[in-house]
Amino acid sequence: MTAADLEKNFDAFVAKQKEIMFSKSQDYSREEDRLGNFKSTAVVVGQTPEQVCLALIGVKASRLGSLMRDGRAPKHESIFDTLLDMGNYCVLLSCLLKEKGETPRG
């Protein structure tokens with residue numbers, strides 16, 4: 001893959017990621033706190049919002065690993081969709097950490 005192809009694929013991936021992030025967030029939380037679903041789930045399960053988000057990343061990674069290891073075709077969510085969701089959960093985890101006061105380096 002050339003550098004130009006890599007950049008094109010990256011841009012397409014991030015654009016789709018953004019589209020999904022903002023369309024799905026309407027289903028999961030209120031406008032005033034888009035991270036609220038992690039916070040309310042954290043209360044229910046006795047974890048932190050960050051741990052809840054990390055668990056969801058783990059579920060996606062486990063599913064992806066299972067599909068790739070077994071060579072099975074997914075019946076519902078595509079591998080690409082799983083990758084998009086994992087990326088979005090990483091972004092959401094970074095938002096939870098930022099809200100908590102942990103800032104990224106650089």
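The C-beta contact set for the stretch 83-104 (first residue of a type in the set (V, I, T), second residue surrounded by 15 or more Cβ atoms within 10 Å (Cβ to Cβ), distance under 6 angstrom, 6+ apart or interchain) is empty. When the residues of the stretch 1-46 are filtered to those that are out of contact with any helix residue (DSSP H, G or I) (no Cβ under 7 Å at 6 or more places or on another chain) and of a type in the set (F, W, Y), the one that is surrounded by the most Cβ atoms within 10 Å (Cβ to Cβ) is F13.
Looking at the stretch 92-106, which of its residues are surrounded by 10 or more Cβ atoms within 10 Å (Cβ to Cβ) and in a loop (DSSP other than H, G, I, E, B)?
Of the residues in the stretch 92-106, the ones surrounded by 10 or more Cβ atoms within 10 Å (Cβ to Cβ) are 92-100, 102.
The answer is E102, and nothing else.
Among the residues of the stretch 43-60, those identified as over 24 Å from A15 (Cα atoms) and either assigned to a helix (DSSP H, G or I) or of a type in the set (A, V, I, L, M) (or both) are V43, V44, V45, P49, E50, Q51, V52, A55.
Give the stretch 37-80 a look and list any residue that's of a type outside the set (A, V, I, L, M) and in contact with a Leu (Cβ under 7 Å, 6 or more places away or on another chain), or say none. Give the derivation first.
Going through the stretch 37-80, the residues of a type outside the set (A, V, I, L, M) turn out to be 37-41, 46-51, 53, 58, 60, 62-63, 65-66, 69-72, 74-78, 80.
Hits for the stretch 37-80 are F38, P49, E50, C53, P74.
Taken together, the residues in the stretch 61-91 that are basic (K, R), in a helix (DSSP H, G or I) and either exposed (fewer than 14 other Cβ atoms within 10 Å of the Cβ) or modelled with pLDDT of 95 or more (or both) amount to 1. Scanning the stretch 1-34 for residues that are outside any helix (DSSP H, G or I) and either under 12 Å from the mean Cα position of the chain (by Cα) or modelled with pLDDT under 95 (or both) returns M1, S29, R30, E31, E32, D33, R34.
The values are calculated or read from the model by the stated rules, or taken from the named source; none is laboratory data. Remember, predicted model here, so these are calculated numbers, not experimental data. In this analysis, Cβ positions are derived from the backbone assuming ideal geometry, glycine residues included, and neighbour counts consider all displayed protein chains.
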